[in-house]
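Beneath this line is the structure, given in structure tokens, with notes to follow.
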Amino acid sequence: MEKFDYSSLSFKSLNTLKQIYEQGSLTAAAIELGQNQPTVSYTLEQLRVALQDPLFVRSGRGVAPTQHCHQIMPEIEHLLSGMTALLQPKDFDPADASLEVTISCNQYELQVIVPRLVQRLNRIAPNIRMTFIQSQVNGHQQLQRGQCDLLLSPVVRDYEALYRRVLFKDRYVCLMSTTHPLAQQSLTRADYLEAKHVEIRYEGGWKPFYLNTPELQGATLNIALGLPSVANIVSIIANTDLLLTLPERLAQLIGDSMAIKDPPFKSDFEVCLYWNKITHHSKAHQWLREQIINLISNEIIHAPD
């Protein structure tokens, strides 16, 4: 029987295999790993010898996994998760912990959740270093590829390798100036369609959930103003006849001087916390997820008046 060289199957080499599998390209995997392509190619050659399979074949400008590679990837991910858990300290002390965390989210989460989260962690875990990146519509892929540790998003994707926890629900409302002609009355569908709307044009082409409601199917909104974000929206639409449809928690946060009205439709959505198998058993990340969940429960959902 041929002697098997287990030394080729290190944490680093298996992670390289996982990145090539997910990226479909040695070049893209090298970028994700912060390595050069020759290093990734050399590691792949070692894995091919150790696992006695080509693992990947050329496909267009990238590579495609072999059948054997498909078969072993669930076990590879399990091994990586186990190794990560093994290297974690037995106890986690937030006051002394030095942890680097990358969280992916978009404008809504950055305004509704992130400020309070930063304040809480800065107080009880001052050595944690946080980086926030934009998820746009690719947050689940970012998490799956290891580009972030956590994802805060209302976008639902079914990935077997990801864990999901519903944090809270929100709904859409209409924000307008108190001098708006519709500010003192209930909005009908006709009122809503005839109104002049502000459209937030999100990067990646994402469209707000309310546009999928039955009441708006086949209808065309009168878009009078397009903006890249809700930044300074109150000063922009104050004393105008413009109307913006946005999540209620965000409207309450930024629209103290504005009128907030129910739209002529019902459109709810859930904001979720996602994480991957690599950090699932980490004591530090378990603590961090608990902090986010407690924050949502105590300061956002049941915030004191």
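The values are calculated or read from the model by the stated rules, or taken from the named source; none is laboratory data. These numbers were taken from a predicted model, which means no experiment stands behind them. Note: ideal-geometry Cβ built from the backbone for every residue, glycine included; neighbour counts use all protein chains shown.
Of the helices (runs of 4 or more DSSP H) that lie entirely inside region 52-156, those containing 3 or more residues that are closer than 21 Å to residue 293 by Cα span 107-112, 114-124, 139-144. Here residue 130 clears all of (1) surrounded by 16 or more Cβ atoms within 10 Å (Cβ to Cβ); (2) in contact with a Pro (Cβ under 6 Å, 6 or more places away or on another chain) except the condition numbered (2).
Quick check: anything in region 48-69 at negative phi, surrounded by 15 or more Cβ atoms within 10 Å (Cβ to Cβ) and within 25 Å of the chain's Cα centre (by Cα)? No - not one qualifying residue is present in region 48-69.
Of the residues making up region 80-99, those that are surrounded by 11 or more Cβ atoms within 10 Å (Cβ to Cβ) and at pLDDT below 80 are 80, 81, 82, 83, 84, 85, 88, 92, 97. Residues considered: 223, 254. Of these, the only one that is touching a strand residue (DSSP E or B) at 6+ places or on another chain (Cβ under 9 Å) and farther than 26 Å from residue 168 by Cα is 223.
You will find that of 233, 278, the residue that is in contact with a helix residue (DSSP H, G or I) (Cβ under 9 Å, 6 or more places away or on another chain), of a type in the set (A, V, I, L, M, F, W, C) and at pLDDT below 90 is 278 and no other.
Select from region 21-41 the residues that are outside any helix (DSSP H, G or I) and surrounded by 20 or more Cβ atoms within 10 Å (Cβ to Cβ) and list them in ascending order. Matches in region 21-41: 25 only.
Residues in region 193-245 that are among the basic types (Lys, Arg) and touching a residue at least 24 places away in the same chain (Cβ under 8 Å) were compared, and the one that is farthest from residue 107 (Cα to Cα) is 196. Taken together, the criteria place residue 218 among residues that are exposed (fewer than 14 other Cβ atoms within 10 Å of the Cβ) and at positive phi. Of all residues in region 108-162, those satisfying the criterion of being polar (S, T, N, Q), under 26 Å from residue 24 (Cα atoms) and touching a residue at least 40 places away in the same chain (Cβ under 8 Å) are 134, 136, 138, 144, 147, 153. Restricted to region 287-305, and to residues there that are without any contact (Cβ under 8 Å) to a residue 40 or more places away in the chain and outside any loop (DSSP other than H, G, I, E, B), the residue that is farthest from the chain's Cα centre (by Cα) is 298. Close Cβ contacts (under 7 Å, 6 or more residues apart or on different chains) running from residues in region 172-184 that are outside the structural domain of residue 251 (by TED's automatic domain parsing) and surrounded by fewer than 22 Cβ atoms within 10 Å (Cβ to Cβ) to residues that are of a type in the set (Lys, Arg) and at pLDDT below 95 are absent.
Going through region 214-271 one residue at a time, which ones are among the hydrophobic types (A, V, I, L, M, F, W, C) and part of a strand (DSSP E or B)? Result: 223, 224, 225, 227, 242, 243, 244, 246, 259, 260, 269, 271. For residue 18, state whether it is modelled with pLDDT of 85 or more, basic (Lys, Arg) and within 30 Å of the chain's Cα centre (by Cα). Taking the combined requirement at face value, the residue satisfies it.
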